[in-house]
Amino acid sequence: MEEVKQAFAALKVAITKIKRRDTKSKLLRVIEQAESHLILLNSSVLTSQQCNSLRDCLRAPLVDVYATCPTPALQVTAALSRVINEEHILAELTAGREDRRLRCEEVLHALLSGVLVWTSSNHPQTPDAIGVVLYPTLCSIAFSLSTLSLGVSLRCVVCRLCY
């Protein structure tokens, strides 16, 4: 989780450099909202309600952050993706708790779907930023031995981002 906290701190620094006050304050509110949900990821078991809350704050609200500060925002996404995958999805897969694994996959799916929404904007920095920052994490998810155990929708989102 330390990596996630550091990524959020770097993102906040990048946002504070934005000149437009209204944009800066809006993005800082979005980041603070997402950051306030990090405590949920410390739980060894994510409830359905916690997963819903995480999905809501990690998808749509972050799209504007990707558009404004792509590299640091994708670093947050990469760090969150690793935590969700390694500490939740793989843990539930290993323990054979299918229902819990699926809930955790929905959170990761929502996070990565937000990146997909941003990529549809055809922003010129999109391919480079994803390639440099997010691609290694996506590969570790898509090409691990547990890939066949992941849900189809999550595999599709990961593949679309790699393309």
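Annotation: of all residues in region 63-82 being β-branched (V, I, T) and open to solvent by less than 10 Å² (accessible area, probe 1.4 Å), the one that is farthest from S120 (Cα to Cα) is V76. When region 41-62 is examined, which residues are found to be of a type in the set (A, V, I, L, M) and open to solvent by 30 Å² or more (accessible area, probe 1.4 Å)? Listed by number, the residues that qualify are V45, A60. Whenever a residue of region 48-62 is β-branched (V, I, T), it has no partner that is surrounded by fewer than 19 Cβ atoms within 10 Å (Cβ to Cβ) and at pLDDT 95 or above lying with C-beta atoms less than 6 angstrom away and at least six residues away or across chains. Within region 14-26, restricting attention to residues that are over 12 Å from V76 (Cβ atoms) and assigned to a helix (DSSP H, G or I), the residue that is most open to solvent (accessible area, probe 1.4 Å) is R21. Helices (runs of 4 or more DSSP H) fully within region 98-152 that include at least 3 residues being at pLDDT 90 or above, at negative phi and open to solvent by less than 20 Å² (accessible area, probe 1.4 Å): 98-119.
The values are calculated or read from the model by the stated rules, or taken from the named source; none is laboratory data. Since the structure is predicted, the reported quantities are computational estimates derived from the model, not experimental observations. We place every Cβ from the backbone using ideal geometry, glycine too, and count neighbours over all the protein chains shown. Accessible surface is based on the protein model in full, side chains and every heavy atom, while ligands, DNA and RNA are left aside. Shrake-Rupley method; radii C 1.70, N 1.55, O 1.52, S 1.80 Å.
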